[in-house]
Amino acid sequence: MSKVDELLYGEKVEWKKIVEIANCFAGGTPKTSEDSYYDGDVPWIRSGEIKFNVITSAERNITFEGLNNSSAKLIRPNSVVLAMTGATVARSAVVEFETSSNQSVAAIETDESIINYKFLFYYLASKYEELKSMGQGALTSLNLTIIKNIKIPIPSLKTQEKIVNTLDKFTNYVSELQARGKQYEYYRDELLSEENLRMMSEKLGTFEGEDKILKIVELEEVAKIRNGKDWKTLGKGSIPVYGSGGKMGEYVDKYSYNKPTVLIPRKGSIQNIFYLEEPFWNVDTIFYTEINDEKILPKYLFYFIENYDVSSLSTDSTRPSLTQSILNKIKLTLPSISVQNKIVQILDKFQNLVSQTQGLLPEEIEQRQKQYEYYREKLLTFDLDSDTITRQTDRQTDRQTDNR
């Protein structure tokens, strides 16, 4: 018997409607023409904000005056919210702070003597597709009547807590991985800000006699952008072929370039910026750069371009595209080589903490997410054929025992 089955073996489950175990209500919107109703002290969430397992803050606040003069209500901490309309319809989340919401959000305040609020959240999250299919109308909207009548399996509170603790371990680990990536992005932004680069230039110039001047240059002043070419006429070899998505899985006997470079996609996934030091061949969907390393360190250029919003430079709204002429005019904040080297050393350390190779962290998050979904399905799949039942897996185990 698996650990999951051991955890739930013989557990009796009673099915109840949400209306029987929780206070369920929708929010409201204060009159938008009344400025005094907004930007106050009351968090006010909308359906589009229900994207993650836990909501930690609201994008907008309302005033108590706005709350009292609308159908909005306070939602107590440790409640579940469910999106009733919009792109996130049927998504659920936990709110662990006092908040309010607009009319597109259903708040579910559970009776904690019957059901753990996180257990309810995990169950609703596992039924996302099923809940979405209950939606009505062209906009696939849910309403309070539908939500109140959703049936929830209720094992003992002790078992609910065990299930929550098991699933929390997966979600907490994924959150930590995501936070690690965000932390790296934050420090990269801070380090490459003009203010920080100017401060570092002043400091190093004072103590080490380096150039204190911070220059603003265009990309074409420090690097030449080169096109890629088709690889199909080349022979087989050990040189990797790169496109806008990275390595294409093809290897040839010639290289386009064999010095440190930054690859910038021309079409497609234009945010995929690559730094290479080994020889490579690039196809026509991605540029490479010949970098003047007396002016700029190749790795510094990589971090700068990686941090730059190149998607804003796209010339095609249908298929993202970049041109040499546009890229050439990107303005770079350029300190001395010694400052660039300090920046590179710091960011290298951060990136190594996040992952050893680009893309590893998202893959790990995806793997953990799949594990979480597997265990959530195992822990929260119950068979409904009477008011009080055992898990389907338990009955199968019992039948196997009886047949021996």
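Give me a count of the residues in the range 237-259 that are touching a strand residue (DSSP E or B) at 6+ places or on another chain (Cβ under 7 Å) and either within 18 Å of Ser311 (Cβ to Cβ) or not hydroxyl-bearing (Ser, Thr, Tyr) (or both).
Matching residues across the range 237-259 total 13.
Is it fair to say Ile163 is surrounded by 15 or more Cβ atoms within 10 Å (Cβ to Cβ), aliphatic (A, V, I, L, M) and more than 27 Å from the chain's Cα centre (by Cα)?
In short, no.
Take the residues in the range 94-145 that are among the β-branched types (Val, Ile, Thr) and out of contact with any strand residue (DSSP E or B) (no Cβ under 7 Å at 6 or more places or on another chain), then tell me which one is surrounded by the fewest Cβ atoms within 10 Å (Cβ to Cβ).
If we take residues in the range 94-145 being among the β-branched types (Val, Ile, Thr) and out of contact with any strand residue (DSSP E or B) (no Cβ under 7 Å at 6 or more places or on another chain), then Thr145 is surrounded by the fewest Cβ atoms within 10 Å (Cβ to Cβ).
Looking at (1) assigned to a helix (DSSP H, G or I); (2) closer than 30 Å to Lys232 by Cβ; (3) of a type in the set (Val, Ile, Thr); (4) modelled with pLDDT under 90, can you tell me which one Ile365 breaks?
(2)
Among the strands (runs of 3 or more DSSP E) confined wholly to the range 216-261, which include 1 or more residues that are of a type in the set (Phe, Trp, Tyr)?
Counting at least 1 such residues, we get 236-243, 246-252.
If you go through the range 297-307 one residue at a time, do you hit one that is in contact with an Asp or Glu (Cβ under 8 Å, 6 or more places away or on another chain), more than 29 Å from Lys203 (Cα to Cα), crowded, with 16+ Cβ neighbours inside 10 Å and without any contact (Cβ under 8 Å) to a residue 60 or more places away in the chain?
no
Condition check ((1) modelled with pLDDT of 80 or more; (2) polar (S, T, N, Q); (3) exposed (fewer than 15 other Cβ atoms within 10 Å of the Cβ)) across all residues:
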site	(1), (2), (3)
Ile154	yes, no, no
Lys169	no, no, yes
Val174	no, no, no
Glu185	no, no, yes
Glu190	no, no, yes
Ser201	no, yes, no
Phe207	no, no, yes
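Please state which one of Thr289, Thr285, Thr261, Thr315 is in contact with a Ser or Thr (Cβ under 7 Å, 6 or more places away or on another chain), free of Cβ contacts under 8 Å to residues at least 12 places away in the same chain and of a type outside the set (Gly, Ala, Ser).
Thr315
Could you check the range 122-134 and list, in sequence order, the residues that are more than 17 Å from Ile18 (Cα to Cα) and of a type in the set (Gly, Ala, Ser)?
The answer is Ser133, and nothing else.
The values are calculated or read from the model by the stated rules, or taken from the named source; none is laboratory data. Predicted model only: the values in this text are computed from it and were never measured. Don't worry about glycine lacking a Cβ; one is built from the backbone with ideal geometry, like all the others, and counts go over all protein chains shown.
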